[in-house]
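Report on one structure; see the data block that follows.
Values quoted throughout were computed directly from the atomic coordinates according to the rules given, and no laboratory measurement underlies them. Owing to the predicted nature of the structure, the values given are computational and were not obtained by experimental measurement. Cβ atoms come from the backbone with ideal geometry, glycine included; neighbour counts cover every protein chain shown.
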Amino acid sequence: MPDREVKTVRDIIYFQYAKTIARAAFGYADGKIAKKEAYGFIKTKFKELRDGKIKWSDILREDIKFAESDKKCIFCGSEENITKEHIIPKTLKVNERCPACDHIQGIHNIVWSCKSCNSAKGQKGLYTYYSKICAQKSFKDYLPLLLEQKYLKIIYLCHQCAGTLDSAPQNPDVLEIDKVIEDNI
């Protein structure tokens, strides 16, 4: 559990996003360092997001970073056999609008990936996949910043469509974010 105030899926998403704000603002390499060095800042940003005092930037910011990024795999860094990866499987069917949803079908949901990582990720949610490829126990702290920011913004919208943002899992954890994918593929 990231924090005792994190109770709902919405809270989990906002807490993870607050860590990305700290990473970007202070240049921390990963979320573990960010939590150690700037926990108060993260907690403040989490509460501001949760309480509607601040909003995250439009996903266009991440789309521009993606368009300007080097064409290499966001998961392993390979420059061979690069393809576009849909972070959230484009076959997601939360409701009848998914096949035409620009957030799932368009650039918002795309990053560079090598064919090997793309195939290995398959239809898994991002945190589920990362829990399998990252050797660190706290895998959720080691996702590439651009990847995690795009994912959190899109998966938020998927949970909104599914009506699960305010669900309160028994064990609030980032893997709960992926449930909307696992339950609707």
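Taking helices (runs of 4 or more DSSP H) that do not extend beyond the stretch 19-134, which have at least 3 residues that are more than 17 Å from residue 156 (Cβ to Cβ)?
Values: elements: 31-50, 60-68, 102-105, 115-121, 126-133.
Of the helices (runs of 4 or more DSSP H) lying wholly inside the stretch 19-134, those with at least 3 residues that are more than 17 Å from residue 156 (Cβ to Cβ) span 31-50, 60-68, 115-121, 126-133.
Being outside any helix (DSSP H, G or I), within 19 Å of residue 110 (Cα to Cα), among the aliphatic types (A, V, I, L, M) and in contact (Cβ under 8 Å) with a residue 60 or more places away in the chain narrows it down to one residue among 185, 181, 154; which is it? Every option except 185 fails the conditions. Put simply, of 125, 52, 77 the only residue that is within 22 Å of residue 12 (Cβ to Cβ) and over 18 Å from the mean Cα position of the chain (by Cα) is 52. Suppose we keep only residues that are surrounded by fewer than 16 Cβ atoms within 10 Å (Cβ to Cβ) and either touching a Phe, Trp or Tyr at 6+ places or on another chain (Cβ under 7 Å) or acidic (Asp, Glu) (or both) within the stretch 40-62. Which one would you say is farthest from residue 25 (Cα to Cα)? It comes out as 51.
Taking the options 115, 32, name whichever one is in contact (Cβ under 8 Å) with a residue 12 or more places away in the chain, of a type outside the set (Asp, Glu) and over 19 Å from residue 174 (Cβ atoms).
115
The conditions of being touching a residue at least 40 places away in the same chain (Cβ under 8 Å) and buried (at least 16 other Cβ atoms within 10 Å of the Cβ) are met by residue 148.
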